[in-house]
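> One structure coming up, written as structure tokens, with questions to follow.
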Amino acid sequence: MATVKQVAEYILHSFAQKEENDLTNLKLQKLMYYIQGFNLALNNERLIDAGVEAWQHGPVFPEAYHLYKSSGDSVIPFSKPSNHSAFTTDQIELMDEVIDIYGKYSGWTLRNMTHQESPWLRGCS
């Protein structure tokens, strides 16, 4: 199982390579939530070693929030070299697919999407 920081840094590195990097803490949280959810659904196990909490603006991994909260609602700066050694090929493929599909949406759009889905509506955290 990967740590919150390892998954966050994987996502941050993916966005740092994009021409238009719009990765805020809000968007990071939602992408991590979708990565965790899809891994649970497809592989019946968590990819991230921490639980998610239900906060006002949707699901949040508190550790990741606190790591990057200094960026406020701005793009999170990131320039560390990529380190994929914590992940299997299948995990990388899953994360890349979630980033490709959901990464095109803004943090606020993802926030609104999570608020319309059954885990949020049921009050699960």
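> So what is the 222 nm mean residue ellipticity for the chain from helices alone, if each DSSP H run of at least 4 adds -39500 (n - 2.57) and you divide by all residues, rounding to the nearest 500 deg cm²/dmol?
Per the formula, -16500 deg cm²/dmol.
> Taking the Cα centre as origin and putting +1 on Lys and Arg beta-carbons and -1 on Asp and Glu beta-carbons, what dipole magnitude results for the chain, to the nearest 20 debye?
Values: 10 positive and 15 negative charges, 72 e Å.
In debye, rounded to 20, the chain gives about 340.
> Follow-up question, since we're still on this one. I'd like to compare 56-67, 35-46: which one has the highest average count of other Cβ atoms within 10 Å, and what's the full order after that? Display every interim value, and only then the final one.
On the way: 56-67: 17.7, 35-46: 14.7.
In descending order of packing, they fall as 56-67, 35-46.
> Using per-residue counts of other Cβ atoms within 10 Å, averaged over each peptide, order 2-15, 68-81, 90-103 from highest down.
2-15, 90-103, 68-81
Since every read-out is calculated from the coordinates, none of them should be taken as a lab result. Just so it is clear, the structure is predicted and the values come from calculations on it, not from any experiment. For neighbour counting, all protein chains shown are included, and Cβ atoms are generated from backbone atoms with ideal geometry for every residue, glycine included.
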